[in-house]
Amino acid sequence: MKEQLLAAVRGKPADYVEVRVEDSKVTQIILRGPNLDNVGQNVSYGGCVRALVNGGWGFASFNSLDDLPAKVDRAIENARATAAAQRDKEKVILAPVPVVVDEVRVEVEGSKDPRRIPLAEKVKVFQDYNGIILSYGKPISSSSVSYVEKSSRVVFANSEGTYIDQEKVDLGGSIGAIAAGDGHTQVARVGFGGSLGFDVCLGLEDQVRRAVKVAGELVGAPTVKGGEYTVILDPRLAGIFAHEAFGHLSEGDNVHENPNLAKIMKLGEKFGRDILSIYDTGLDKGARGYLKYDDEGVPTEKTYLIKDGVLVGRLHSRETAGKMGEKATGNARALDYRFPPICRMRNTSIQGGKAAFEDMLEGVKLGIYCKDSYGGETMGEMFTFSAGECYMIRDGKLAELVRDVNLTGNVFNTLKNIDMVGADFCSYEAGGGCGKAGQGPLPTSEWAPHVRIQKVVVGGKG
Amino acid sequence: MNNIQEQALQVLSLTRGQCDQAEVFVVRSRSTPVSYENNRLKMVETVESQAYALRVIKGGHVGFATSTKPGGAASLVENALAATNFGPPAEIDFSGPSPVPPVDCHDPAVPSLALDRMVAMGEDLLESARQLDPQIMAGAKVSKSEYEAAIATSAGLDASYQKTSFGLFVSIEYIEGQNLLYVWDGYGGTHFEDQLAQVKAKVAHDFRLGRKNVPMDTGSYDVIIAPGAVGDILNPILTCVNGRAVERGISPWRGRLGEAMFSPKFSLYDDGLAPKMSSTGAFDGEGVPMSRKPVIEAGRLANYLLDLRAAKALGLKPTGNAARRSGLSAPEPSSTNIIVSPGDVGLADMIKGVKKGVLVEQLMGAWAGNMYAGQVSGNIALGFKIENGEPVGRVKDCMLSINAFSALKDNLEALSKETRAVMDLSTPHFLISNASISTKA
């Protein structure tokens with residue numbers, strides 16, 4: 001394979017050529033209510049070529065590796081067509097990175113290796129969790145349990161001589177209890193995930209029992225009253241906030257050709273209080289966002305985005321780093337062989353601070369403690385995310401459970417309004433992933449402690 | 001071109017004697033997107049794919065597997081058979097032969113569309129966006145694709161169809177200080193249609209109106225939901241009529257067919273045969289012919305969206321709504337093209353009639369709410385305040401919260417005469433009274 005791929009991209013009439021070949025096995029287990037809804041084993045196999053000619057990119061993806069040289073030619077032709085139509089004739093500079101030849105294997109203890117554990121054993125684990133949910137009785141009406149495991153081998157070669165043969169394991173999912181009553185349905189879930197052993201799926205019984213109880217309670221909870229609140233986010237939600245509100249804005253492809261945004265996102269500008277530091281890293285082994293090399297063959301690193309409240313970095317591909325005269329950070333990722341790499345996050349984390357949870361509650365006359373998330377979305381400086389389990393805070397104390405909480409804000413104001421960062425940094429993992437430009441779900445992680453934010457807008461009846 | 005219908009039959013023949021029933025689904029596609037980012041042509045792509053999906057029934061259980069590996073038929077069969085050891089109980093029979101309905105979803109003008117022409121359309125979109133203001137950063141996409149699906153079952157079904165799709169999209173980003181404005185519009189369907197003028201006009205209109213921000217207060221307002229945001233309002237309905245949710249009793253609407261649930265003004269159709277619309281096709285992911293049926297008819301719940309399994313469980317007929325996402329997932333009920341019947345008020349008059357309200361063009365994050373509870377709560381990503389019948393400027397930092405179930409029952413004041421297609425949704429504007437908007441104090 002090595003010689004075939006390197007030969008296919010070497011000495012071509014292009015400024016840069018890369019090829020990526022993927023062979024993946026995806027195992028999916030879905031339980032809904034008493035039934036196994038789907039057990040599937042899927043093979044995802046294919047490749048792609050990306051080429052750069054005179055500042056224009058071309059891409060071709062395919063399932064069959066037969067006649068690879070013709071596919072390389074097609075990507076080059078596409079790149080030529082792009083370059084021919086560009087009026088500005090601006091050169092693309094790829095940030096220099098070391099030429100790497102490496103073989104990366106996922107090493108997990110045999111008994112925990114998801115690739116060696118029989119399907120029957122995995123199915124049983126999730127059936128047992130499902131049993132805990134369904135045996136609860138009213139108001140629990142159903143369950144939704146999902147497990148997705150992808151083990152892949154991705155081989156990358158480029159015209160600079162880099163050749164990386166990388167194994168990856170990604171697994172994750174959620175165990176959800178569904179409660180019905182009073183004309184609506186409520187869900188509470190336990191998420192899990194990782195990039196190493198199947199053991200992250202084990203021992204979740206107590207969390208599942210708690211989720212069942214919460215789903216039942218949510219059915220009887222009042223909806224939240226809309227307005228502006230002081231909110232405390234639990235580590236899961238704080239992580240989602242870092243990802244949605246700030247991570248996406250830090251992606252180099254937003255900024256590199258956009259002088260007006262670059263003016264706002266100027267390194268050295270103060271974005272938050274001194275207590276706030278946010279970083280994105282590919283180095284946390286076992287995290288779903290762990291990655292040794294990105295899909296441009298660039299070694300990953302820990303990249304600070306905000307340090308002590310000051311903007312210090314961003315998430316780059318070689319192109320966006322080259323354009324801005326910064327360093328490639330190993331953030332160019334592709335969902336799979338069907339897509340070109342774009343700037344993406346890995347494990348985006350809010351660094352732990354000093355505050356205790358009790359201190360955060362203190363002095364909050366009327367606020368909301370928000371836990372867990374159904375997800376979020378971002379557009380420019382605006383973001384939203386929904387919370388799964390929320391309690392009112394009244395006069396410094398946790399009070400009643402409320403449901404259907406969706407939060408929104410403006411990132412520039414909201415970052416400055418983070419006035420407390422907890423000491424309880426937590427490495428929480430969940431299933432699903434991040435979506436961008438039609439590429440999702442891409443495995444990412446979001447780790448954080450509790451954080452307190454002033455003046456967050458919450459939707460709901462006034 | 002090698003025939004994917006023959007390939008489906010070949011895989012089917014490998015299953016013979018090894019299981020009780022089998023169903024092979026093969027999809028092949030080739031698409032060419034041309035993408036512009038930050039005011040320049042970024043990339044031309046050629047994306048080819050071919051995927052095989054196999055379901056088998058053995059010993060009373062369903063097994064499922066997929067593969068994109070050329071020559072991987074033997075392991076595909078092996079994986080599907082292995083999954084029957086755990087798979088869901090087989091409550092269904094795979095589809096037998098049935099006549100494929102005539103359907104208008106293939107346009108020979110799409111494959112023959114030259115790359116130069118696509119590039120010229122992209123340039124045109126970009127140029128018109130940049131002419132609005134020199135500070136604008138514009139992006140665009142023009143794409144064409146060919147798609148072919150084939151199905152073969154042990155019950156004797158052996159069918160295939162071809163479709164094409166064409167789309168164009170333009171987006172504008174405008175930054176003033178720390179205020180960002182995004183405006184976009186697009187067109188997508190199975191046929192090549194020159195919609196450049198409409199798309200350009202819509203973006204220009206929204207950009208001009210969106211440049212000025214106006215203050216808002218928390219409160220109850222009349223809101224006009226534009227086609228670009230109607231999908232978010234309909235999401236809870238489509239979630240609750242999804243056959244899988246109904247079958248499992250998660251949907252609060254099980255056992256309520258025929259019940260008056262919404263304003264009699266409101267009718268919504270699922271139409272897998274709508275000419276030229278993007279989700280149109282001859283048959284669904286299980287080989288059941290696509291169809292047109294009311295989901296909500298004059299406010300009454302008329303039909304659920306069903307695949308074979310949900311239909312069997314509910315004692316109803318399948319509706320041709322089994323979808324296979326990205327060609328590789330197991331079939332699941334899903335909507336096809338959604339068509340909302342228009343009302344009798346002109347859009348201009350509808351806007352004129354609003355004393356104090358908001359025209360909501362785009363919502364953000366509203367999908368993350370509790371759909372089974374009807375909750376739609378999203379940031380108004382693009383919306384214009386209306387004062388005394390006139391849009392006066394853009395509102396920001398506002399969260400719109402509506403309960404779709406009660407709002408479309410008690411607060412649906414009017415639907416516009418004009419309709420607009422946003423991908424596979426064709427809809428009028430909705431005027432809803434008494435909608436909650438929360439914003440900064």
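The values are calculated or read from the model by the stated rules, or taken from the named source; none is laboratory data. Everything quoted here is computed from the prediction, not taken from an experiment. Quick reminder, even Gly has a Cβ in these numbers, built from the backbone with ideal geometry, and neighbours come from all protein chains shown. Accessible surface areas use protein heavy atoms only, side chains included; no ligands, DNA or RNA. Shrake-Rupley method; radii C 1.70, N 1.55, O 1.52, S 1.80 Å.
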Query - Estimated FRET transfer efficiency (A:GLU103, A:ASP199; beta-carbon r; R0 25 Å; 0.05) - result: 0.50
**Report entry** Theoretical ellipticity at 222 nm over chain B - DSSP helices of four or more residues, -39500 (n - 2.57) apiece, nearest 500
**Finding:** -6500 deg cm²/dmol
Requested in this report: With a 1.4 Å probe and every protein chain left in place, work out the accessible area per residue of the protein assembly as shown in Å², rounded to a whole number.
Outcome: 35 Å²
Requested in this report: List the trypsin sites (Lys or Arg not before Pro) within the stretch A:137-244 that fall in a DSSP loop (any state other than H, G, I, E or B) and whose Cβ has at most 16 other Cβ atoms within 10 Å.
Outcome: A:LYS225
Query - Per-residue mean of C-beta atoms belonging to partner chains within 10 Å, peptide B:82-88 - result: 6
Query raised in the report: Residues with beta-carbon under 10 Å from that of B:SER95, excluding B:SER95: net charge, scoring Lys, Arg +1 and Asp, Glu -1?
Result: -4
Query - Pairwise FRET efficiency - A:LYS225 versus B:HIS205, Cβ, R0 = 45 Å, nearest 0.05 - result: 0.80
Requested in this report: At 0.36 nm per residue, minus the direct Cα-Cα distance, what do A:GLU167 and A:MET1 gain on full extension? Give it in nm, one decimal, please.
Outcome: 58.3 nm
Query raised in the report: Do you know which residues of the stretch A:180-194 lose at least 30 square angstrom of accessible area in the protein assembly compared with their chain on its own, with a 1.4 angstrom probe?
Result: A:GLY183, A:THR185
Query raised in the report: Short version: ³J(HN,Hα) in whole Hz for each residue of the stretch B:215-224, in order, from phi by Karplus 6.51 cos²θ - 1.76 cosθ + 1.60 (θ = phi - 60°), x for Gly and Pro, what are they?
Result: x, 9, 10, 4, x, 9, 9, 7, 10, 9
Query raised in the report: Percent antiparallel among DSSP beta bridges with both residues in the stretch A:227-458, to the nearest 5?
Result: 85 percent
**Report entry** A:LYS461 paired with A:LEU398, simple spin-label distance in nm, labels 7 Å along Cα-to-beta-carbon
**Finding:** 2.7 nm
Report summary line: Note: B:SER112 to B:ARG325 extended length (0.36 nm per residue) minus current alpha-carbon separation gives 74.0 nm
Report summary line: With label points set 7 Å from each Cα along the Cα-to-Cβ direction at A:LYS89 and A:ASP128, the distance between them in nm comes to 6.8 nm
Requested in this report: Mind jotting down the distance between the C-alpha centroids of the stretch B:95-167 and the stretch B:310-385, whole Å?
Outcome: 23 Å
Requested in this report: Place the peptides A:407-415, B:118-126 in order of packing, highest mean first, counting for every residue the other Cβ atoms within 10 Å and averaging per peptide.
Outcome: A:407-415, B:118-126
Query raised in the report: Do you know the relative contact order of the stretch B:212-441, to the nearest whole percent, from alpha carbon pairs under 8 angstrom that are 6+ apart?
Result: 30 percent
Requested in this report: Apply the Karplus parameterisation 6.51 cos²θ - 1.76 cosθ + 1.60, with θ equal to phi minus 60°, to every residue of the stretch B:172-179 and state each ³J(HN,Hα) to the nearest whole Hz, in sequence, with x for glycine and proline.
Outcome: 10, 10, 10, 10, 10, x, 9, 9
Report summary line: Share (percent) of C-alpha pair distances in the stretch A:227-458 greater than 28 Å works out to 26 percent
Report task. Compute the separation of the alpha-carbon centres of the stretch A:351-429 and the stretch B:195-216 and state it in Å as a whole number. Result -> 34 Å
**Report entry** Residue-averaged 222 nm ellipticity for chain A, from DSSP H runs of 4+ at -39500 (n - 2.57), nearest 500
**Finding:** -6000 deg cm²/dmol
Query raised in the report: Can you list the residues, at least 5 places off or on another chain, whose amide H is less than 5 Å from the amide H of A:SER142, using H built in the peptide plane?
Result: A:ILE178
Query raised in the report: Per the Kirkwood treatment, what hydrodynamic radius in Å, one decimal, follows for the protein assembly as shown from the mean inverse distance over all distinct Cα pairs?
Result: 28.3 Å
Report summary line: Percent relative contact order for chain A, counting Cα pairs under 8 Å at least six residues apart, stands at 16 percent
Query raised in the report: If you take the alpha carbon radius of gyration of the stretch B:212-441 and divide it by 2.2 N^0.38 Å, what ratio comes out, to two decimals?
Result: 1.04
Query raised in the report: Under 5 Å between amide H atoms, partner at least 5 residues away or on a different chain: which partners does B:ALA323 have, H built in plane at 1.01 Å?
Result: B:GLY285, B:GLU332, B:SER334
Requested in this report: Quick one: angle between helix A:119-134 and the longest Cα principal axis of chain A, in degrees between 0 and 90, rounded to 10, please.
Outcome: 30 degrees
Report task. Report, by chain and number, residues whose modeled amide H sits under 5 Å from the one on A:GLY409, excluding near sequence neighbours (fewer than 5 apart, same chain). Result -> A:PHE383
**Report entry** Centroid-to-centroid separation of the stretch A:168-188 and the stretch B:232-305 [C-alpha atoms, Å]
**Finding:** 23 Å
Report summary line: The simple spin-label model distance between A:GLU121 and A:LEU283, using points 7 Å out along Cα→Cβ, in nm, is 3.3 nm
Query raised in the report: What is the calculated FRET efficiency for B:LYS212 to A:ARG209, with r their C-beta to C-beta distance and R₀ = 41 Å, to the nearest 0.05?
Result: 0.15
Requested in this report: Report the full-extension gain for the segment A:LYS263 to A:ASP113: residue separation times 0.36 nm, less the Cα-Cα distance, to one decimal in nm.
Outcome: 49.3 nm
Requested in this report: On the full set of protein chains, 1.4 Å probe, figure out the accessible area of A:ASP280 and give it in Å² to the nearest 10.
Outcome: 0 Å²
Requested in this report: May I ask you to derive the relative contact order of chain B, considering only C-alpha pairs under 8 Å and at least 6 residues apart, and to give it as an integer percent?
Outcome: 16 percent
Requested in this report: Using a 1.4 Å probe and ignoring any ligands, DNA or RNA, find the accessible area of B:ARG324 and quote it in Å² to the nearest 10.
Outcome: 30 Å²
